[in-house]
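Notes follow once the structure below has been shown.
The values are calculated or read from the model by the stated rules, or taken from the named source; none is laboratory data. Predicted, not measured: the structure shown is a model, and the values here were computed from it. Note: ideal-geometry Cβ built from the backbone for every residue, glycine included; neighbour counts use all protein chains shown. Note: areas computed on protein heavy atoms with side chains; ligands, DNA, RNA excluded. Shrake-Rupley method; radii C 1.70, N 1.55, O 1.52, S 1.80 Å.
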Amino acid sequence: MASCCQHGPGYATPLDAFKNGAREKLLYIPAIVPDHSRPDYLVTVDVDPSSPSFSQVIHRLPFPYKGDELHHSGWNACSSCYGDASASRKLLILPALASGRIYAVDTDSDPLAPKLHKVVEPHDIQDKTGLSYLHTSHCLGSGDIMVSAMGDKDGNPRGAFLLLDQDLQVKGTWSPVETKYGYDFWYQPYHNIMVSSSWGTPSAFCKGFNPAEVAEKYGDSLYFWDWKERKLLQEIKLGAEGLVPLEVRFLHEPKSPHGFVGAALSSNVIHFTKDQDTGSWVHKTVIKQPWTKVEGWALPEMPPLITDILISLDDKFIYFSNWLRGDIVQYDISDPANPRLAGRVWVGGSIRKGGSVRVLEGLPEDTPEQPEIPTVKGKVLQGGPQMLQLSLDGKRLYVTNSLFGPWDKQFYPELVKQGSYLLQIDVDTDKGGLKVSPDFLVDFGAEPEGPALAHEVRYPGGDCSSDIWLAADA
């Protein structure tokens, strides 16, 4: 273990980051070009309130290829490497969902103007692993980088994980065992466990969403893995209450056995934990959201569609976005098995006052009628809230509104034409509550070369969804 004066990247504990972490001044966000007429690119956004370029894009790094469909990102090293004084957070790792390549971006040499460091080409990955349709990237305490995969190059489903070393060389797969579907993952070494989730068949979801394909081509499982032995221990079929489980999170406290997953289509939040008597993992739906009965939409009922979840670094609040319905929700999870509603804010979506969709039944109890969607800095908010990122102190929540190119085109065609947004939500961390910041908006419809779709947000020093902490006695 490093001495008190020498350590690796990040913070010693999540509470150290929460209490002592510096305020974010820069954001890194992939910008996707929906018509593939030019490459996707990485933007740097200034979020320093004292800066003259506050809430503006100050740098753009275009990538070499078109049609990558950048999605999520991670780091070469994070707080899981805090005990390794030789480790350094210097490369942002960006797997490309459509092309199957991985970009490594140097954010260390000049944080204001990142530059491309290396490209891991699809053939290098496929030659050693056969994997494509890449999603989540996490750094490991060992120094390796792990990336989840959802399929092979032909779009057939394969849930697996590839490993890269610090030189971005493909080492192979993390485990020889594969699951039917893949998507997100999170590990908790103190309990010798990793949990992963399941979206669906790439050849299906890349064409858009077809409800008739749910039973045959989408997932409803959580997978629990032995972290040391790299073998599958348990599959939990979530069933009708857990269709299409996407983002999965353990609490940040590295000894905690509690975690959550957002089931996108069922639109519920499911709590999982370790049964202290049997050692197996058990689950319960703790936040249920009914579908809304509507007129003027593609179907007679609309799922809220949870697409992202996030937990504050003090493990007090969970946040999730309802991409179709249009609200961001805050729950107090001080008692993880019994969450309590703490706040809600509407920032777009299909259910809005004066919109083409009319609600017949099924709005949340705290929203008696179709909500008035705020206009921010003169911008009418299109699309629904999607990716979330929280400041280390929990007081600012950043939100973008692009889900995935083919689904954006299907459900929010105007979003694709006009470009997406980045908003800031002010958070009441004492009593709970959410409010749109009226002075912050980054309009990706005003990009110099045409509208773009913004996705996941990262801070240079790590954040609530990039960093995982290890217990000292793990």
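Quick notes on this one:
- Net charge contributed by nearby residues that have their C-beta within less than 10 Å of Gly219 (K/R +1, D/E -1): +2
- Relative contact order, whole percent, for the range 113-163 stands at 28, derived from Cα pairs under 8 Å and 6 or more residues apart.
- Taken per residue, the accessible surface of the chain reaches 37 Å², heavy atoms only and a 1.4 Å probe.
- Residues with amide H under 5 Å from that of Ser437, placed H, sequence gap 5 or more: Gln424, Ile425, Asp426
- Computed from point charges on the beta carbon alone (+1 for Lys and Arg, -1 for Asp and Glu), the dipole magnitude for the range 210-272 about its Cα centre is near 260 Debye.
- Spatial separation of Cα centroids for the range 115-148 and the range 25-83, in angstrom: 18
- Taking all protein chains together and a 1.4 Å probe, the residues His123, His36 rank His123, His36 from largest to smallest accessible area.
- Computed magnitude of the charge dipole of the range 53-204 (debye, nearest 20; Cβ of K, R +1, Cβ of D, E -1): 200
- Once the chain from Leu299 to Lys377 is taken as fully extended at 0.36 nm per residue, the excess over their C-alpha distance is 24.8 nm.
- A simple count of charges around Gln234, restricted to other residues whose Cβ falls under 12 Å of its Cβ and scoring Lys, Arg +1 and Asp, Glu -1, yields 0.
- Cα gyration tensor category, rounded, prolate or oblate, for the range 122-177 with a/c compared to 1.5: prolate
- Of Val286, Val261, the order by accessible heavy-atom surface (1.4 Å probe, DNA, RNA and ligands excluded), from most exposed downward, is Val286, Val261.
- Computed from the C-beta positions of Ala472 and Ser437, the FRET efficiency with R₀ = 35 Å rounds to 0.40.
- Label-point gap, in nm, between Asn156 and Glu216 - each point 7 angstrom along Cα→Cβ: 1.6
- Within-13-Å neighbourhood charge of Gln418 [Cβ basis; K, R +1; D, E -1]: -1
- Charged-residue dipole, Cβ positions (Lys, Arg, Asp, Glu), the chain about Cα centre, Debye nearest 20: 340
- Binned Cα-Cα distance frequencies in the chain - 10 Å width, integer %: 4, 22, 34, 29, 10, 1, 0
- Split the accessible area of the chain by element, probe 1.4 Å, and carbon with sulfur accounts for 49%.
- Estimated FRET transfer efficiency when R0 is 25 angstrom, pair Asp332-Asp16 (beta carbons, to 0.05): 0.65
- Amide hydrogen neighbours beyond the local backbone of Val376, cut-off 5 Å, H modeled: Leu381
- Binning the alpha carbon pair distances of the range 133-249 at 10 angstrom intervals from zero yields the distribution 14, 46, 31, 9, 0, expressed in whole percent.
- Integer Hz, Karplus 6.51/-1.76/1.60 couplings in order for the range 443-457, x for Gly and Pro: 9, 7, x, 9, 5, x, 9, x, x, 9, 10, 8, 10, 6, 9
- Rough spin-label spacing in nm, given labels placed 7 Å along Cα→Cβ, for Asp426 and Gln234: 4.4
- Table column - 3J(HN,Hα) (Hz), the range 291-301, Karplus curve with 6.51, -1.76, 1.60, x for Gly and Pro: 5, 9, 7, 9, 10, x, 10, 5, 10, x, 10
- Dipole orientation for the chain: of the candidates Leu232, Thr400, Ala342, Thr400 has the Cα lying most toward the positive pole (charges on Cβ; Lys, Arg +1; Asp, Glu -1).
- Gained length - His123 relative to Glu414, 0.36 nm times residue gap less alpha-carbon distance: 101.2 nm
- Computed with a 1.4 Å probe on the full set of protein chains, the accessible area for Glu235 sits at about 90 Å².
- For the range 74-80, 3J(HN,Hα) per residue [Karplus equation, 6.51 cos²θ - 1.76 cosθ + 1.60, θ = phi - 60°, Hz, x = Gly/Pro]: x, 10, 6, 8, 8, 5, 5
- Here's how it looks for Gly151: its modeled amide H is under 5 Å from those of Ser132, Arg158, which are all 5 or more places away or on a different chain.
- Separation in nanometres of the label points that stand 7 Å from Cα toward Cβ, at Tyr65 and Gln169: 2.2
- A Förster distance of 35 Å, applied to the separation of the beta-carbon atoms of Ala446 and Glu369, puts the FRET efficiency at 0.60.
- Per-residue ellipticity at 222 nm, computed for the chain from helices alone with -39500 (n - 2.57) per DSSP H run of at least four residues, works out to -1500 deg cm²/dmol.
- Take every Cα pair under 8 Å whose residues are at least 6 apart in sequence, average their separation, divide by the length of the chain, and the relative contact order is 13 percent.
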